[in-house]
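Colleague: One structure follows; several queries about it will come next.
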């Protein structure tokens, strides 16, 4: 029963973290980091359960990290180019304007 509760709590936390990531940075970042879970599982299984790491696992982990880096790098470049094309959207500064309306009943 304890294992089921731990699994339910971990799944609930995962849903909350993914929803927060989607709200803050968009759906691209949440979907990009899903393959990273495979890498973390392989590393933790090696460290905690003394499982063997094979060359294919290490090569796959390197490909996952390179793919994540490439997507994040291209997304950053895309945002920089978007800022250059539409500078007014990102550089608008708001000013506080105070309106004073006299009360006619005083």
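Bear in mind that the values in this text are calculations on the coordinates, not laboratory data. Treat the numbers as computed from the prediction; the structure is a model and nothing was measured. Because the Cβ atoms are built from the backbone with ideal geometry, glycine has one as well, and the counts that use them run over all protein chains shown.
Colleague: Taking every Cα atom in segment 1-42, find the radius of gyration and the maximum pairwise distance Dmax, and write them in Å.
Modeller: For segment 1-42, the Cα radius of gyration and maximum Cα-Cα distance read 12.2, 36 Å.
Colleague: Working from Cα positions, state the angle (0 to 90°, nearest 10) between the long axis of helix 36-49 and the longest principal axis of the chain.
Modeller: Rounded to the nearest ten degrees, it is 40.
Colleague: I need to check one value: relative contact order of the chain, counting alpha carbon pairs closer than 8 Å and at least 6 residues apart, in percent. List each step's numbers first, then the result.
Modeller: Numbers: 22 pairs, mean separation 16.2, N = 106.
Relative contact order for the chain comes out at 15 percent.
Colleague: Then there is this: Treating the angle as unsigned and between 0 and 90°, give the value, to the nearest 10°, between the Cα long axis of helix 2-25 and the longest Cα principal axis of the chain.
Modeller: Helix 2-25 and the main axis of the chain meet at about 40 degrees.
Colleague: Ranked by Cβ crowding within 10 angstrom, fewest neighbours first, how are 23, 75 ordered?
Modeller: Values: 23 10, 75 15.
Lowest count first: 23, 75.
Colleague: Go through (i) 139; (ii) 207; (iii) 131 and flag the label whose value is the computed volume of the Cα convex hull per residue in Å³ for this structure.
Modeller: Correct label is (ii).
Colleague: What residue among 48, 72, 40 has the largest mean-square fluctuation in a Gaussian network model of the chain, using Cα springs under 10 Å?
Modeller: Most flexible of the set in this elastic network: 48.
Colleague: So, one more: Restricting things to Cα coordinates, could you compute the convex hull volume per residue of segment 26-87 in Å³? Numbers along the way, then the final one.
Modeller: Working: hull volume 4.6 nm³, N = 62.
Once divided by residue count, the hull of segment 26-87 is 74 Å³.
Colleague: Using the alpha-carbon atoms, what tilt in degrees (0 to 90, nearest 10) does helix 55-85 show relative to the longest principal axis of the chain?
Modeller: The answer is roughly 10 degrees.
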